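Notes for the one structure printed next.
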Amino acid sequence: MPEGPVLLECRNICKAFGQNKVLQDINLEIRKGEAHALLGTNGAGKSTLVKIITGVYSKSSGDILLDGEVVDIHSPQDSERHGIAIIHQDQQMVPLFDVTRNAFLGSEITKSGGRLDLKTMRKQVQEKLEFMHVDFTADAQVASLTVGQREQVAIASALLKNPKLLILDEPTASLSSKEISRLFEIINLLKESGVTIIYISHHLDEIFNITERITVLRDSRVQGTVETKNIDPKQIISMMIGRELKDLYPKEPAQIGDVALKIDDLYSGKLVRGVNLEVRRGEILGLAGLVGAGRTETMLAVYGAEKVKKGNILLKGEPYRPVSPKRAGKAGIAFIPEDRRNEGIVPAMSIAENLSLSATKSWAKRGIIRRKLQSQGSGQIIKSLNIVCTGAGQLLSELSGGNQQKVVIGRWLIDKYDVFVFDQPTTGVDVGAKAEIYRQMVKLAKAGGAIIFISSENEELLGICDRIAVMCKGRIVKEFQAKEATEQELLYWSAGGDEQEDGNDE
Amino acid sequence: MENKTIKTTAFSKNKAGEFFKTYGAVVGMFLLLIVFQIFDNRFLQPANLWGICKNSAFLILMALGMTFALSVRGIDFSIAQVADAAAVISAFLILKDVPPMMALLLTLLFGLFIGLSNALLMAYLGVPALIGTLGTMFIVRSFELVLTNGAQPQVLFTMPRSVTGTFLNIGQGSVLGLPNVMLIGILAIVVIYFVRERSVLGRHMDAINGNVRSAFLSGIDIRKTFAAAFILSALLAAVAGILICSRAGSATPRATESYLNDCFVAVYIGTLLSKDKRFNVLGTVIGCLFVGCISNFFTLMGMGNGIKQLCNGFFILMAVMMGTAHLRKKN
Amino acid sequence: MMNSKKVDFRNAVMRRSTGIAMVAIILIMGIRAPLFFAPANLMTVLKQSGILCMTAISITSVLIVGGFDMGAGAMVQLVCNLAAGMIISYSNPALSWGVGIGVGLAFGLLNSFLVVYLHIPTFVTTLGTMYLMNGLSALYNKGTALAIKETAGFTVLTQGSILGIPNIFLLVILLCGIMHWFFKYTRTGLRMYACGENRNAAQLHGLNVGKYLILGYLISGTLLGMTGVFQCSYNYGASAVDYGMDFLVKALASAYLGSTFSRTNELSMIGTVIAGIFIAALSNILIINGFSNQIVSGVLGFVLILSILLTVIKKRDIGQITIF
């Protein structure tokens, strides 16, 4: 790839939300006709940067230059006018429309009187589809297309505006490997025709496959831009991490006991494809992996909240079939969901009421909730978890994120459970609450519980777990004793490791 | 320290506003009642008010059923129709020489059956409650019309008292000067208050209302809870129907249908009486009494159905407007 | 691969099942009462389906944008009363049309204002305005029927026929054609569909969902106003019986049943009209078969539940409850 002229340049871009600086002095050059990867761990600032380039957020300071000239981008429309298009991770389409109508939604070509000029639109879409060599026509109904094909529709839709720069935001998150290779062919075609591409992905194999240069972001700053061919995955990973482990983990050795939960060849939905896993009493098992690797989905299936397609599960040595969360709870599985706001709390209820949801009966006699039992029980939990509040009657919507999370955990302390699943409990939680959550996990493990701890922050996994399993594309690809693992290795395996595509996808 | 004092003064200043926000609706209702009294001085006579309380029992039963359905974010359009059918069926069975107690039991079974079928449709098959109960309403209506051969009134009071005595006594008798209807109403309010506000089931309903996904993931059987709301509402409607029939000594098909309108008005007004504008038992009861007062006033003034319907619409819209405005300000 | 083919097959059967079932029901019932297939009777069915189809078309246009309307039937009744009153007092059909469409627009505006600007859920909003309309109807006709006489250029619209085909049915076809064209082949129609089908996608593509919701209520208000005037013409005035709920249920059943023709449960004008005619035919054939009028309403309720069941049963998943 010859060094082309610079298409997009970011100069000293800063962005802050209140006191929180999410981007600091970002300098970035995207050359014409290249595919440029943006890489960084969660919260490094990638998506904020993209949102500034596409006009969703406005920058606090700095300049954006297109073809050497400073441009003002204040809205998505502005960015579109300047020839910047983005393909979102989550394809939002109208399933009952055909490809043409979907591709043109919001910028339809019309004849006089607002009539749709379907003929022209169809022709233009068909042109783009043929350019991409896809296997469907502009008349196909989107409801009948696969996820991969829908993504192709989204690309065609973006191409209709003849963009100079196309941003792909984690485009492969829900694609099969076949569909991914199709996508890469299309990206190569685009590059040949002179479209510049910014490619955002966690998967290193993809980045090494199709990009020319890589920019790594870390802690809201640019760590550097490198030529892809001059670097190897391990070096990239150390650019992404570069932190020392801090000692805020209250790890204490616990008595490791029998196998509490054993999952054998579990299949569920599209994201869980043959998971094998076991966890023992007293053990904290970390589940590492990238977003979309299938970790949450695996545990939701075990918890009975998603349908299990295939697979065996042994719970405390007995065969166990997930039916519903209620049964799972009775069988001894506790689950702290990932999305606290939408899946964990009931904001309009008080702390005591929220605490009571999983084990309401323990505080009731003959179906009527006893105020005394409730106030005693909730008082104890508030105290033992250090929930900061005005009292058990305070509404959950008035608590801070960390304290809300503690309430969700507290729900499972009323009765006794054997297996505890913590799905990313520390996201958006302050340091104090984090420490409290770790302490709680250690305490539960010491009391004989088996803990499964899903986290995308490898640092905390290394700090608190006994053992770490790495998941990628629906399978466990590697297991470590936590003492022997490093953050580099976890990231390396999460991003696909050295395992090449095995072409086993349907 | 300084900070604290500022906070408290600000609080006391807001107190009046806070009070008005929470109980403004009650104040408004009282003002309206006083206006009624000015228009017609028979209105606030004790005897008149007593009559209103007595007559509100039926509506209270149905509206409490509706409160159940609405507080799991469902709705039950069939409620008044089930009451109507229950009245007709009980009268019909007694006329067919079924022993009164047996007839009563069979009518309750009918209510249970409708409740179960509603529950199956909404909670287990996933039919939207709005459409499903509307369908049930029409099916039940059709059923009772066919049963009575085209809306023939089922008249019980012409039968010998020896046969119908026990049955009619339920609605017409009294204990220690308190009419049975009222006693049953009070009993229902107490029991339902406990079920709705204090029981495990009620807690689970609150959770579903607040966040279905959270409720599901915390291990609540959301389908069963949803189903329970529909079963309870149909059963309450059946009880109301039996009382109406026994009170009047006769049942005319489609005579009770208009209770549906009053139900809606009562429950939506009831939301204004809770702090966070939720459907609640005590609010519903007060809403029912208020609706009773309005109906009574209109009857006293000789105003027709038109004004009443206009008021229904007005009250529902006002109540919901105030509710949403309050919630939006809070967020 | 195998799996997807199986699903396709199931879908194909499901898509056609509505049509197959409709034809089967009519045939079976028709064999018992051959009178049904007499051309004159078939034309009567088309005539009877007219007002229902128009109401259903109106309600479909608000369902398409993702709204709801409890008051569709009540609006038809209100306008019908007003139109009859105008004819009786001034014997002027033009005035009826003006008042009818004006009232329809006014309530459309009120509904959309409450929904879009005050953020009241569509169901409660339209429930409230339904009572307002019922009240106005009752106040206006004072509980009595308003009968009109044969009026030149007015009653013939729905009573007459051209070449044996009832005028009102031709009007339905015309209206259906226009609305179908509007929703399928104009920019505004396309965007309204998008708002109702996938609100997020619409917003992502920069569409102002509120604006299209307002438009939906205005269109459906106007159409309901017109339907009310037609109802007045068809009925020779307005009856005092409250039939708003019956109209609503029939119209909803038509719209949802019509949507089951498509694999994706797409609401469509043509589907709605076909389903509307089916419902009218079903009522007719039941009566011919000697079932009483009272059974018909029960069958309607059953059809309503069945049609919505067909649309939701595919979407069911663990832990999912459809609310409203």
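The values are calculated or read from the model by the stated rules, or taken from the named source; none is laboratory data. Just so we're clear, the structure is a prediction, and the values are computed from it rather than from any experiment. All Cβ positions, even for glycine, are placed from backbone atoms using ideal geometry, and neighbour counts span all protein chains on display. Side chains are part of the model used for accessible areas, which takes the heavy atoms of the whole protein and leaves out ligands, DNA and RNA. Shrake-Rupley method; radii C 1.70, N 1.55, O 1.52, S 1.80 Å.
Near C:Thr186, the amide H atoms lying under 5 Å from its own belong to A:Leu116; only residues 5 or more places off or on other chains count, and H is placed 1.01 Å from N. Chains B and A together bury some 2200 Å² of accessible area, summed over both sides, with a 1.4 Å probe.
Lys-Lys pairs in segment A:340-415 that are eight or more residues apart or on separate chains and whose Cα atoms lie under 21 Å of each other come to 4.
Counting only alpha carbon atoms, the long axis of helix B:180-193 and the longest principal axis of chain B meet at about 40°. Comparing the full protein assembly with the isolated chain, the residues of segment A:343-363 losing at least 30 square angstrom of accessible surface (1.4 Å probe) are A:Glu343, A:Val346, A:Ala348, A:Met349, A:Glu353, A:Leu357, A:Thr360. Shape class for chain B: oblate, because the ratio a/c of the largest to smallest gyration tensor axis (alpha-carbon atoms, square roots of eigenvalues) is 1.5 or more and b/c is at least a/b. A simple spin-label model places the labels of C:Arg32 and C:Leu109 5.1 nm from each other, with each point 7 Å out along Cα-to-Cβ. Between B:Ile38 and A:Lys270, the simple spin-label model (points 7 angstrom out along Cα→Cβ) gives 6.6 nm.
Relative to one another, the C-alpha centroids of segment A:364-390 and segment A:293-354 are positioned 23 Å apart.
Once you have a ≥ b ≥ c as the square roots of the Cα gyration tensor eigenvalues for segment A:158-210, tell me rounded if a/c is under 1.5, and otherwise prolate or oblate according to whether a/b is larger than b/c. Prolate shape, in that a/c is at least 1.5 and a/b is the bigger ratio. A:Asp72 sits with roughly 100 Å² accessible to a 1.4 Å probe, with DNA, RNA and ligands left out of the calculation. Ellipticity at 222 nm from helices only: DSSP H runs of n ≥ 4 in the protein assembly as shown, each -39500 (n - 2.57), divided by the residue count, give -18000 deg cm²/dmol. Converting phi to 3J(HN,Hα) with the Karplus coefficients 6.51, -1.76 and 1.60 and the offset θ = phi - 60°, segment B:197-210 yields 9, 10, 9, 4, 4, x, 4, 5, 4, 4, 5, 5, 4, x Hz in sequence order, with x at every glycine or proline. For segment B:215-240 versus segment A:1-68, the spacing of their alpha-carbon centroids is 53 Å.
Accessible surface buried at the C:B interface totals approximately 4200 Å², computed with a 1.4 Å probe on protein heavy atoms. Apolar share of the accessible surface for chain B: 69 percent from carbon plus sulfur atoms, 1.4 Å probe. Interface size, chains C and A: roughly 2100 Å² of accessible area buried, both sides included, 1.4 Å probe, rounded to the nearest 100.
Packing order of peptides C:101-113, B:122-134, highest average first: B:122-134, C:101-113 (average count of other Cβ atoms within 10 Å over each peptide's residues).
Mind checking the mean number of beta-carbon atoms from other chains within 10 Å of the Cβ atoms in C:246-257? Counting other chains' Cβ atoms within 10 Å and averaging over C:246-257 gives 2.
Of all beta bridges that DSSP places with both ends in chain A, some 55 percent have antiparallel geometry. Taking the chain by itself as reference, segment A:304-330 contains these residues with an accessible-area loss of 30 Å² or more in the full protein complex (1.4 Å probe, heavy atoms): A:Ala305, A:Lys307, A:Pro325, A:Lys326. Normalised by the number of residues in segment B:238-331, the mean separation of alpha-carbon contacts (under 8 Å, six or more apart) gives a relative contact order of 27 percent. Once the protein assembly as shown is represented by equal point scatterers at the alpha-carbon sites, with solvent omitted, what log10 I(q)/I(0) does the Debye formula produce at q = 0.06, 0.08, 0.10 Å⁻¹? For the protein assembly as shown, the Cα-only Debye profile gives -0.59, -1.03, -1.46. Rounded to the nearest 20, the Cβ-based charge dipole of chain B about its Cα centre (Lys and Arg +1, Asp and Glu -1) stands at 1020 debye.
In segment C:122-154, which residues give up 40 Å² or more of accessible area once the other protein chains are added, compared with their chain alone (1.4 Å probe)? For segment C:122-154, once contacts with the other chains are taken into account, C:Phe123, C:Val124, C:Leu127, C:Tyr131, C:Leu132, C:Leu139 lose 40 Å² or more.
Here B:Lys329 is the anchor, and the aspartates and glutamates within straight C-alpha reach of less than 19 Å, apart from those fewer than 8 places off in the same chain, are A:Glu398, B:Glu18, B:Asp276. With respect to chain A, whose longest principal axis is taken over its alpha-carbon atoms, helix A:431-446 is tilted by about 50°.
Other protein chain C-beta atoms within 10 Å of residue C-beta, averaged over B:197-209: 5. Shielding value for B:120-128 is 5, the average number of Cβ atoms from other chains within 10 Å of each residue's Cβ.
If R0 is taken as 41 Å, the Cβ-Cβ distance between A:Val431 and B:Met318 corresponds to a FRET efficiency of 0.30. Averaged per residue, the protein assembly as shown has 42 square angstrom of accessible surface, using a 1.4 angstrom probe with ligands and nucleic acids left out.
When its C-alpha radius of gyration is set against 2.2 N^0.38 Å (N residues), segment C:16-317 gives a value of 0.98. In terms of the mean number of neighbouring beta-carbon atoms within 10 Å, the peptides A:265-272, A:58-65, A:144-151, B:173-180 order highest first as A:265-272, A:144-151, A:58-65, B:173-180. Checking the Cα-Cα distances for A:Lys111/C:Lys47; A:Lys123/A:Lys164; A:Lys46/A:Lys251 against a 28 Å cut-off, the pairs over it are A:Lys111/C:Lys47; A:Lys46/A:Lys251.
Computed over segment C:138-225, relative contact order equals 11 percent, with contacts defined as Cα pairs under 8 Å that lie 6+ residues apart. A protection proxy built from the mean count of other Cβ atoms within 10 Å ranks the segments B:92-100, C:66-74, most packed first, as C:66-74, B:92-100.
Only helices reaching 20 angstrom along their own axis (Cα) with mean Kyte-Doolittle hydropathy no lower than 0.0 count here, and for the DSSP H runs of chain C these are C:2-32, C:39-64, C:72-90, C:93-112, C:122-141, C:167-185, C:209-235, C:244-259, C:269-288, C:293-312. For segment A:196-339, carbon and sulfur atoms together expose 47% of the accessible surface, with a 1.4 angstrom probe and every protein chain in place.
Accessible surface of segment C:28-186, 1.4 Å probe: 74 percent of it comes from carbon and sulfur atoms.
When only the Cβ of Lys, Arg, Asp and Glu is charged (+1, +1, -1, -1), the dipole of chain A relative to its Cα centre reaches about 2540 debye.
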